[in-house]
1. Here is a list of conditions, (1) open to solvent by 60 Å² or more (accessible area, probe 1.4 Å); (2) in a strand (DSSP E or B); (3) over 17 Å from ASP58 (Cα atoms), and PHE100 meets all of them except one; can you say which number that is?
2. The conditions are (1) within 25 Å of THR178 (Cβ to Cβ); (2) hydrophobic (A, V, I, L, M, F, W, C); (3) assigned to a loop (DSSP other than H, G, I, E, B), and PHE137 fails exactly one of them. Which is it?
3. When you go through GLU127, GLU87, GLU122, GLU94 one by one, which is the residue that is on the phi > 0 side of the Ramachandran plot and surrounded by fewer than 19 Cβ atoms within 10 Å (Cβ to Cβ)?
4. Can you work out which of the residues in region 22-58 that are hydroxyl-bearing (Ser, Thr, Tyr) and part of a strand (DSSP E or B) is farthest from TYR112 (Cα to Cα)?
5. Does region 58-76 hold any residues that are within 17 Å of LEU125 (Cβ to Cβ) and not β-branched (Val, Ile, Thr), and which are they?
6. Report, ordered by the first and then the second residue, all pairs with beta carbons closer than 8 Å, sequence separation of six or more or different chains, a first member in region 24-50 that is among the charged types (D, E, K, R), and a second member that is at pLDDT below 85 and open to solvent by less than 40 Å² (accessible area, probe 1.4 Å).
Amino acid sequence: MAVSKTKSVWLWVFSFIFTIAIAYYQRTTGPTTPVRGSVNIEDTKIKFQLLRTFEGSDDANIIIKVPNDVSGYIRYKRFKSYDDWTETQMFRNENELHAFIPNQPTAGKVEYFIVLKNKNQEYVLTESPVIIRFKGFVSRGVLIPHIIFIFLAMVFSTRTGLEALFKGKRTFTYTYITIFLLFFGGLFFGPLVQKAAFGEYWTGWPFGHDLTDNKTIVAFIFWIVAFFSLLKKRERRTWVIVAAILLLIVYLVPHSVLGSEIDHTNP
């Protein structure tokens, strides 16, 4: 069955918009998204954004805009450690309070609380500590291709699944392109990003439990199975649909879940 040109255009439009929606979901979920919220102090609503990931070799700077009569301090310690809590005062720069978290080795994590003070009353911004993970600088020459290939892989995966569902003639061609994009985005540039950020090319199975690495290789294997299924018989589209659904599920898993980290309790 052929997919008409008009229907094909609309399927591409849907695939593109659908992928943007998934990318937005990924961007706004997971353990790297800043913790956002607000607190009312003396009838003044103070909004805050607390970092959960930091790139580079500088100390992480937590900034909160507050009125002049509000001060604050930060309590922090290394995540997964027997450290005592360290408490330091935030310093003011005009209408901002700044708290610096000491830089950590790549994949090192720090848990922290921010506490604001006004007229001897304290306001703890979060019920549980915020966990921030430090990572090395990732060259944009590596990061940008990784993002582009991964994004396009999702676009083509969705479009290929729809092509298979409507029994279109381009299912095999789109499958080949999807595999190409997924390989370079997830299995070529992905490890390069991982190495620059956290010092290891691969931290998934069998070397670790990094969910991002694991879900990438699982999705790639399913697409390889779909490819060889089509290679034997072009009418076998079931595996293509399964692979497209699996990749969608993979993308719905928040990024960096079970990612690299240092356990200071394990010598």
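1. Just one mismatch for PHE100, condition (3).
2. (1)
3. Only one candidate passes the filter, namely GLU94.
4. THR44
5. Residues satisfying the conditions are ALA60, ASN61, LYS65, PRO67, SER71, GLY72, TYR73, ARG75, TYR76.
6. Pairs found: none.
The values are calculated or read from the model by the stated rules, or taken from the named source; none is laboratory data. Quantities reported herein were computed from a predicted structural model and do not represent experimental measurements. Note that we place each Cβ from the backbone using ideal geometry, even for glycine, and neighbour counts take in every protein chain shown. The accessibility values were calculated without ligands, DNA or RNA, using every heavy atom of the protein model including side chains. Shrake-Rupley method; radii C 1.70, N 1.55, O 1.52, S 1.80 Å.
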